[in-house]
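**Student:** First the structure, then my questions, so here it is.
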Protein chains: 2
Amino acid sequence: MPPGLKDVAAQAGVSIKTVSNVVNGYVHVAPETRARVQQAIDALGYKPNMAARQLRSGRSGVIALAVPELQSPYFAELAGRIVHAAERRSWTVLIDQTDGHAERERNLVAGLRRHAIDGLIFSPLALAGEELARGGDETPMVLLGERVSHGPADHVAIDNTAAAADATRHLAGSGRRRIAAIGAQDFPSAVTAQQRLAGYRAALEQAGLPTDPALVAQVESFHRADGAAAMARLLDGPQPPDAVFCFNDLLALGAIRTLLERGCSVPGDVAVIGFDDIEDGRFSTPTLSTIAPDLGRIAELAVDLLAERLGEGEAAAGPPRELRVSHRLVARESTVGRDSR
Amino acid sequence: MPPGLKDVAAQAGVSIKTVSNVVNGYVHVAPETRARVQQAIDALGYKPNMAARQLRSGRSGVIALAVPELQSPYFAELAGRIVHAAERRSWTVLIDQTDGHAERERNLVAGLRRHAIDGLIFSPLALAGEELARGGDETPMVLLGERVSHGPADHVAIDNTAAAADATRHLAGSGRRRIAAIGAQDFPSAVTAQQRLAGYRAALEQAGLPTDPALVAQVESFHRADGAAAMARLLDGPQPPDAVFCFNDLLALGAIRTLLERGCSVPGDVAVIGFDDIEDGRFSTPTLSTIAPDLGRIAELAVDLLAERLGEGEAAAGPPRELRVSHRLVARESTVGRDSR
DNA sequence: GGGGCGGTTTGCATCGTTGTATAGTCCGGG
DNA sequence: CCCGGACTATACAACGATGCAAACCGCCCC
């Protein structure tokens with residue numbers, strides 16, 4: 001049984017409250033008393049009981065981060081950044097992996113969490129729009145990645161559509177004519193995929209290029225294997241593309257793998273651009289052109305927003321905010337080749 | 001203020017304890033009472049307060065996972081697996097990122113955590129051996145990855161040395177003569193690096209190959225950039241290697257990048273093998289040969305060990321255990337080329 | 001010499017939940 | 001008709017920490 005304030009108090013010959021005062025750095029404690037108490041604390045190896053503190057204060061110092069899967073480099077990197085950002089506020093981050101299951105995401109939103117958290121940063125995959133409205137749960141939530149207009153909670157994201165258009169324009173700008181897209185998804189909650197598709201189409205139109213439906217490849221999920229399979233389908237089509245915009249870097253890396261396996265040169269025969277700027281793309285061969293969202297900023301903003309909502313009373317209320325984070329296009333070998341580096 | 005048992009009890013016209021009994025599924029509650037209470041619960045949107053529960057029970061249902069960095073695919077994957085394994089016990093995982101700082105790792109081990117956790121799964125980077133001994137903290141700990149013989153806590157790992165020897169033997173077996181190693185580290189806590197180096201040396205000796213110190217490349221850390229730089233140094237040496245054993249996959253991917261950049265063929269001119277079997281290696285070009293530890297098993301065992309230590313009284317005690325997890329060699333293009341696939 | 005005033009310390013209630021002990025209630029069997 | 005036992009519900013005391021108000025101290029000042 002670990003020692004409590006009670007034990008320390010007995011050891012030091014003072015009241016429980018005095019020990020508490022010492023622990024909390026209360027000013028008006030006689031130096032001598034403080035020393036004696038501190039000594040007792042060290043001797044017994046006292047550690048404050050967080051559960052009790054939380055019970056009194058209502059704060060746990062823990063925020064939850066819910067992502068589809070840590071295995072994806074993008075989410076892993078995001079998680080790492082958020083852990084760091086949270087650290088500066090001495091919060092700890094608890095990870096919830098939803099695996100993209102709608103059921104689990106719903107539970108999260110409904111506040112059916114098993115553990116006491118002060119706030120939630122949530123990157124939804126299966127849920128969108130109205131479904132994200134909280135039911136009764138007061139815990140502040142910040143949404144990442146989905147652009148839910150007039151959504152029910154604070155929201156941080158880059159301009160997906162514009163970024164997708166940038167990527168597509170980059171391909172068109174280097175003279176590509178048959179620009180394919182890998183990553184389209186049908187289901188209504190696939191907001192990300194739809195926004196990127198919209199950006200792709202808009203850019204094609206703007207560039208005066210035809211939008212051939214045969215050049216849009218659907219995927220089940222956003223992993224390397226999906227990208228590889230989709231690329232194979234495109235290549236097997238009647239008129240293979242000369243460029244591909246993949247909706248994330250994993251798809252792109254999978255696509256490149258297929259291309260090289262089949263003897264196509266990248267970017268010679270087919271240029272490829274991805275989305276996310278994960279580290280893999282900086283060391284792959286060829287290195288991967290991509291859209292780089294300002295991940296550090298996203299993490300910071302998400303944590304800041306939570307912090308504001310947690311601020312006592314005043315700043316806590318207010319309508320949900322939409323925060324836009326900048327992105328930039330990083331041209332690497334997969335679109336511009338080696339020499340231009 | 002969220003409703004508590006008290007409020008529900010008032011609403012339903014029963015005692016607090018009865019509500020508690022309903023919530024906890026206690027058997028002897030009249031169906032009618034139960035219904036009435038349940039109705040009150042739903043009406044008020046009651047959610048049990050975890051802090052209070054924990055205060056009573058001493059259990060939080062949260063375990064911490066401390067890793068150097070989530071950004072590394074290996075740790076991200078590991079984290080994902082552990083989250084899953086923990087889920088089956090309805091535990092939640094709290095992530096601590098140490099960044100490999102000795103100071104932070106020491107705090108962890110000393111139990112200076114800021115939050116209430118039932119157990120700790122720790123993959124140390126900066127600390128080794130005696131330094132890992134707990135000071136007073138009773139929270140069960142499971143160590144990952146470091147082979148601390150007679151260590152202070154339960155420990156799960158693969159046989160690093162044997163695995164490294166396997167990798168090296170694989171290279172030697174395909175006729176390579178000048179086999180380099182990338183990933184050596186000097187400092188005393190770099191146990192992993194030293195074990196892998198030992199395995200490498202042992203295998204070379206066994207194969208009757210000379211161990212040229214010029215073929216052992218030191219690295220600062222285990223990232224792609226380090227691998228790329230180390231490979232460059234090796235190539236600039238007087239007698240470049242015809243094969244490289246990299247102490248993890250990131251180093252290997254970095255090394256491959258350098259090789260291809262300089263026009264070397266892989267595995268034609270130089271064969272490369274890594275360690276960890278991260279997903280990147282399955283879709284890189286060439287695909288990466290590697291040592292695949294049974295990551296799922298590691299995660300399960302780690303969680304199981306914690307669970308045992310948390311089991312009431314009996315099974316909880318006992319000396320620290322060393323659990324060995326199997327690994328296998330996965331030969332891919334980077335050592336055996338395309339055709340052999 | 002008493003009132004007042006910082007500085008210092010303390011007792012008590014409280015956060016929300018659950019374990020234990022106990023008080024009723026109802027039924028069937030002796 | 002009474003009693004034991006199963007069932008149901010309640011009261012009370014914890015768990016460990018902190019906010020509050022009050023008590024205590026010595027001391028200066030009127």
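Only the coordinates and a few stated rules stand behind these numbers; no lab work does. Given the structure is predicted, the values throughout are model-derived calculations rather than measurements. Cβ placement follows ideal geometry from the backbone for every residue including glycine, while neighbour counts extend to all protein chains displayed.
**Student:** Would you list, by chain and number, the lysines whose Cα falls below 25 Å from the Cα of residue B:17, excluding same-chain residues fewer than 8 positions away?
**Tutor:** Within the straight-line cut-off, residue B:17 pairs with B:6, B:47.
**Student:** Right, another one. Placing one identical point scatterer on every Cα of chain B and ignoring solvent, what is log10 I(q)/I(0) from the Debye formula at q = 0.10, 0.12 Å⁻¹?
**Tutor:** Cα-only, vacuum Debye calculation for chain B: -0.67, -0.85.
**Student:** Using only Cα atoms and rounding to the nearest 10 degrees, what angle (0 to 90) does helix B:31-44 make with the longest principal axis of chain B?
**Tutor:** With rounding to tens, the tilt is 70 degrees.
**Student:** Quick one: give the max-minus-min coordinate of the C-alpha atoms of region A:5-100 along each principal axis, largest first, in Å.
**Tutor:** Largest first, region A:5-100 extends 56, 23, 21 Å along its Cα principal axes.
**Student:** Something else now. Pick out which of A:111, A:183, A:13 has the largest mean-square fluctuation in a Gaussian network model of chain A, springs linking Cα atoms closer than 10 Å.
**Tutor:** A:13
**Student:** Sum -39500 (n - 2.57) across every DSSP H segment of at least 4 residues in the protein assembly as shown, then divide by the residue count to get the 222 nm mean residue ellipticity, nearest 500.
**Tutor:** It comes out at -12500 deg cm²/dmol, rounded to the nearest 500.
**Student:** Going by C-beta contacts inside 10 Å, put A:50, B:1 in order with the fewest on the left.
**Tutor:** Final ranking by Cβ density, sparse to dense: B:1, A:50.
**Student:** Also, I was wondering about something else. Between copies, how close do the residue B:25 label points come, placed 7 Å along Cα→Cβ, listed in nm from shortest?
**Tutor:** Here residue B:25 shows inter-copy label distances of 4.5 nm.
**Student:** Could I ask something else about it? What's the angle, to the nearest 10 degrees (0 to 90), between helix B:224-236's Cα axis and the longest principal axis of chain B?
**Tutor:** Between the helix axis and the principal axis of chain B, the angle is about 10 degrees.
**Student:** Of all DSSP beta bridges in the protein assembly as shown, what percent run antiparallel (nearest 5)? Let's see the in-between values first.
**Tutor:** Working: 11 of 73 bridges.
Counting DSSP beta bridges with both partners in the protein assembly as shown, the antiparallel share is about 15 percent.
**Student:** Taking chain B as a Gaussian network, Cα atoms linked when under 10 Å apart, which of B:172, B:184, B:207 shows the biggest mean-square fluctuation?
**Tutor:** B:207
**Student:** Any idea what % of Cα-Cα pairs in the protein assembly as shown are farther than 37 Å? Present the calculation step by step, with values, prior to reporting the outcome.
**Tutor:** On the way: 105789 of 232221 pairs.
Cα-Cα pairs of the protein assembly as shown separated by over 37 Å account for 46 percent.
**Student:** From the label point of residue B:207, set 7 Å along Cα to the beta carbon, how far off in nm is each other copy's matching point, shortest first?
**Tutor:** Those separations, rounded to one decimal, come out as 4.7 nm.
**Student:** Per residue of A:62-71, count partner chain C-beta atoms within 10 Å of its C-beta, then hand back the mean as an integer.
**Tutor:** 4
**Student:** Provide an ascending nm list, one decimal, of label-point separations from residue A:338 to the equivalent residue in each further copy; define each label point as 7 Å from Cα along Cα→Cβ.
**Tutor:** 1.7
**Student:** If you don't mind, there's one more thing I want to ask. Between beta-carbons, use under 10 Å as the cut-off and find the net charge around residue A:112, counting Lys and Arg +1, Asp and Glu -1.
**Tutor:** +4
**Student:** Still on this structure, please answer the following. On the rotation axis linking copies A and B, which residue of A comes nearest by its Cβ, and by how many whole Å?
**Tutor:** Per the A/B rotation axis, the closest residue of A reads A:76, 2.
**Student:** Let me ask something additional. With springs only between Cα atoms under 10 Å, which of A:74, A:200, A:26 fluctuates most in a Gaussian network model of chain A?
**Tutor:** Sorting by GNM fluctuation, first place goes to A:26.
**Student:** Using alpha carbons only, how many degrees (0 to 90, rounded to 10) separate the axis of helix A:249-261 from the longest principal axis of chain A?
**Tutor:** Value to nearest ten degrees: 40.
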